[in-house]
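Asks: I have a structure I would like to understand better, so I am pasting it below and will then ask my questions one at a time.
Just so it is clear, none of the values below were taken in a lab; they were calculated from the coordinates. The structure displayed is predicted, hence computed values, not measured ones. So basically every Cβ, Gly included, is an ideal-geometry build from the backbone, and we count neighbours across all protein chains shown.
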Amino acid sequence: MALKDKILGDIDDREMPLLDHLIELRNRLTHAAVAVLIGFVACWFFAEDIFDFLARPLAEICLENSGPDGRPLCNRMIYTHLGEKFFTDLKIAFWAGTFLAFPYVATQLWLFIAPGLYRHEKQALLPFLVATPVLFFLGGAVVYYFIFPLAWRFFLSFQSPGGEGTLPIELEARVGEYLDLVMKMIFAFGIAFQLPVALTLLGRVGLVSSAGLARNRKFVIVGLFTVAAVLTPPDVISQIGLALPLLLLYEVSIWLVRAAERRRAEAEAGDAAAD
């Protein structure tokens, strides 16, 4: 009987910490979901303004330039089924609300993970937690201010005024398709700009080395252009516009991994001297 009580006691001791962790995870996820919901509701009232902001690069090119017939390149956006504009506003509110709530969501994730980390592990991970949204925002800014104007001007160049016996080819952009394209490119650039974070973390744990990254640079160049071709629309401007910043970030990653290796070597030398 005493053995049975001991075994059951050991099981209970093992289950309670796990249950506590699950409860803690549930609470953190609930707080994060509430934050996203609050962000969604707040952004819903500004969905029209957010869409106008996202459409501004196209609007400026269309209204400031004219086609061969003297008319603006395009003068409106359309939707082709009754619910398209409504669901477009829902998407805008959700993505914008998630973006606004991300710092709080990341904080909840950190508060759940941090108690299980050693002090040096916290010091190693915290800078990357801060750098992730900054790099994502930087990628979104690059595509909005530099890539969109070039890509939209390229796409608009395929319009044709038509002539005798032919029909004109004019752009009538759908709001839903435009938002999908814009969000795809913003997320493609934002995620791709996480390259230094990913490579530096891999370098810290010893899975990659700065020498190996430098040695395989020529293969990486081909791979990055391939990734850019997959993540962006099928035009050369967008592909080059993503590939070139990625190449620069790759070079920065090599420097960061080299710095991490240097610090690790100094720490190991210090431990060896202490022993």
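Asks: Check which residues have an amide H placed less than 5 Å from R174's amide H, if you skip close sequence neighbours.
Replies: I78
Asks: How do S157, S209, S238 rank when sorted from fewest to most other Cβ atoms within 10 Å of their own Cβ? Write out the running numbers ahead of the final one.
Replies: Details: S157 10, S209 15, S238 24.
Sorted ascending by nearby Cβ count, the order is S157, S209, S238.
Asks: Output the peptides 94-106, 214-226 sorted from most to least packed, where packing is the average of other Cβ atoms within 10 Å over each peptide's residues.
Replies: Ranked by mean Cβ neighbours within 10 Å, highest first: 94-106, 214-226.
Asks: Could you go through segment 246-252 in sequence order and give the Karplus-derived ³J(HN,Hα) for each residue, using 6.51 cos²θ - 1.76 cosθ + 1.60 with θ = phi - 60°, rounded to whole Hz, and x for Gly and Pro?
Replies: The phi angles translate into 5, 5, 5, 5, 5, 5, 4 Hz.
Asks: Whole-Hz Karplus ³J(HN,Hα) for segment 145-152, in order, using 6.51 cos²θ - 1.76 cosθ + 1.60 and θ = phi - 60°, x for Gly and Pro?
Replies: So the J values, rounded to whole Hz, are 8, 10, 7, 3, x, 5, 5, 5.
Asks: Which order do the peptides 46-56, 137-147 take when ranked by the mean count of other beta-carbon atoms within 10 Å per residue, highest first?
Replies: In descending order of packing, they fall as 137-147, 46-56.
Asks: Output wanted: per-residue J couplings in Hz (rounded whole) for segment 84-90, from phi through Karplus 6.51 cos²θ - 1.76 cosθ + 1.60, θ = phi - 60°, x for Gly and Pro.
Replies: Going residue by residue, I get 4, 5, 4, 5, 5, 5, 4 Hz, with x marking Gly and Pro.
Asks: Next question. Skipping prolines and chain starts, which residues have an amide H placed within reach, meaning under 5 Å, of the one on G162, given they are 5 or more residues away or on another chain?
Replies: The answer is I169.
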